[in-house]
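So the structure is just underneath, and the comments pick up after that.
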Amino acid sequence: MTDRVRAVLVTPSGMLLTVKRIRPDVEPYWVLPGGGVEQADATLEDALAREIHEELAGCARIHSLIHVEEINGERQYFFLARIDHWDPARRSGPEFTDPARGAYIVEEIPLTPSALARIALKPESIGDLLSRHASELFGLADVCSPHPA
C-alpha cells in the first residue's frame, strides 16, 4: 500500500491553503497540498515538509496528525499545519513541468462550512470532515503558531 501525506494548511489570516486543479475535460476541483511518501523521507512529517516545499515553495509548522484514511489502495495521512509564507512561482515539483497534467492554482479558502461547501475538495471525505470541524480547526490555528523562545 502506498502512503501519501496531505496538509490542512492554515494561513496567517486563518484561511485554508488549497490547490485548485484544472484539467482538460474535468470539472475543477481542489486538493490539499501534499503527495507521495518517498523512500528517502525519514518520517511522514519529513515527506510532508518536502511536498510543501516542492508544491508551494513554502515551509510549514506541522502541528499534528488529524486523520488517516485508505483511498483507492493508498493510505493518506492528513496533518494540521500552519504556513506563513509561500511562493507558487518558485515551486519545483515535477508535475508543474508537464502541461498535460493541467493547472495547479494555489488558493486560500475561508475555513468555514459554507465556504468549504462551495468548492469540490477532494477527497470528499476530507471536505466533509473539515466542514464538520471547521470552527475547531480555525481555533487550533493559534496552537500551530511557533512557541516563544
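Glu95 - would you say it is of a type outside the set (Val, Ile, Thr) and free of Cβ contacts under 8 Å to residues at least 60 places away in the same chain?
Numbers: of a type outside the set (Val, Ile, Thr): yes; free of Cβ contacts under 8 Å to residues at least 60 places away in the same chain: yes.
Answer is yes for this residue.
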Task: Within the stretch 26-65, considering residues that are surrounded by 20 or more Cβ atoms within 10 Å (Cβ to Cβ) and part of a helix (DSSP H, G or I), the one farthest from the chain's Cα centre (by Cα) - done: Ala47
Open item on the list: So Gly73 passes all but one of these: (1) at pLDDT 90 or above; (2) at negative phi. Which condition number does it fail?
Closed with: (2)
TODO: Can you tell me which residue within the stretch 81-98, out of those that are touching a helix residue (DSSP H, G or I) at 6+ places or on another chain (Cβ under 6 Å) and not polar (S, T, N, Q), is surrounded by the fewest Cβ atoms within 10 Å (Cβ to Cβ)?
DONE: Glu95
Task: Single unsatisfied condition, Thr112 versus (1) hydroxyl-bearing (Ser, Thr, Tyr); (2) touching a residue at least 60 places away in the same chain (Cβ under 8 Å); (3) under 15 Å from Gly14 (Cα atoms) - done: (2)
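Please verify whether the stretch 69-83 includes one or more residues that are in contact with a Phe, Trp or Tyr (Cβ under 8 Å, 6 or more places away or on another chain), touching a residue at least 24 places away in the same chain (Cβ under 8 Å) and more than 19 Å from Met15 (Cβ to Cβ).
Yes.
The values are calculated or read from the model by the stated rules, or taken from the named source; none is laboratory data. Here the structure is a predicted model, which means the values were calculated and not measured. Here the Cβ is made from the backbone with ideal geometry for all residues, glycine too, and neighbour counts use every protein chain on show.
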